[in-house]
Amino acid sequence: MKRINLLIVLPLLGALLGGCADDKALDATANHGELDVHPASDQPPFSSTGHDVGRLPEAKIKELTKDLDPLELEVTCMSGTERAFTGELWNNKKDGVYLCKVCSLPLFESGTKFESGTGWPSFFRPYDPEHIEEIKDTSHGMVRIEVRCRRSGTHLGHRFPDGPKPTGQRYCINSASLEFVKSGEPLPAAAQPARKP
């Protein structure tokens with residue numbers, strides 16, 4: 001009887017804790033050959049778009065996260081996941097840019113957002129690949145690629161090799177880790193390039 005209960009509970013637990021994962025089998029090396037992981041320490045202090053992507057000091061991150069609500073804090077600082085179809089941005093169709101909720105670094109643009117059916121905002125490409133870092137995540141009995149903001153180090157979501165053309169990638173991101181700025185509205189100072197690209 002215990003064996004039957006485990007056979008039922010373990011798959012359910014994996015589904016509940018899987019975050020952005022869907023029912024498809026995930027192969028982190030598909031379309032990449034080797035696991036494509038980009039640690040922050042290998043990158044220059046400025047991205048190709050001119051943004052400062054140097055890691056913020058811990059004291060600055062604590063200051064920037066002090067006003068986050070409990071869900072935002074759980075997602076960004078404790079690698080949590082909001083429930084599917086509950087985030088305020090999962091179905092956002094407005095033109096604009098998606099910033100890191102903590103440090104305002106531009107992460108994604110509306111032109112790369114697509115409907116994935118997962119209940120989380122999904123993008124096929126980041127604003128600038130140097131604005132994110134990707135880390136191998138083997139939690140919950142599966143292999144995934146965790147996506148973090150390069151500047152603040154906060155958890156954003158995961159990348160899966162099942163997205164649309166032209167990249168074939170799906171960046172499955174928590175709304176709680178993003179701030180949306182509509183096209184035509186001013187970007188915060190921290191979202192502006194620090195130098196010309």
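Overview of values
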quantity: Hey, PHE108 of a type in the set (Phe, Trp, Tyr), surrounded by fewer than 23 Cβ atoms within 10 Å (Cβ to Cβ), touching a residue at least 12 places away in the same chain (Cβ under 8 Å) and closer than 22 Å to ARG83 by Cα or not; calculated: no
quantity: Helices (runs of 4 or more DSSP H) within region 1-116 that include 3 or more residues at pLDDT below 95; calculated: 2-17
quantity: Candidate set: region 170-184, residues that are more than 14 Å from the chain's Cα centre (by Cα) and part of a loop (DSSP other than H, G, I, E, B); chosen: the one nearest to GLU134 (Cα to Cα); calculated: SER183
quantity: Residues of region 96-143 satisfying the condition of being under 25 Å from GLN192 (Cβ atoms) and basic (Lys, Arg); calculated: LYS101, LYS113, ARG125
quantity: Whichever residue in region 90-102 is over 13 Å from the mean Cα position of the chain (by Cα) and of a type outside the set (Gly, Ala, Ser) and, among such residues, is surrounded by the fewest Cβ atoms within 10 Å (Cβ to Cβ); calculated: LYS93
quantity: Qualifying residue in region 113-121 (condition: crowded, with 18+ Cβ neighbours inside 10 Å and either under 12 Å from the mean Cα position of the chain (by Cα) or free of Cβ contacts under 8 Å to residues at least 12 places away in the same chain (or both)); calculated: yes
quantity: Residue under evaluation LEU187, criteria (1) within 14 Å of the chain's Cα centre (by Cα); (2) not in a strand (DSSP E or B), criterion not met; calculated: (1)
quantity: Inter-residue pairs, beta-carbon under 6 Å, first over 11 Å from CYS149 (Cβ atoms) and in region 50-70, second charged (D, E, K, R), 6+ apart; calculated: GLY50/ARG195; GLY50/LYS196
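The values are calculated or read from the model by the stated rules, or taken from the named source; none is laboratory data. Every value quoted in this text rests on a predicted model; they were computed, and no experiment measured them. Using ideal geometry, Cβ is built from the backbone for each residue, glycine included, and neighbour counts are taken over all protein chains shown.
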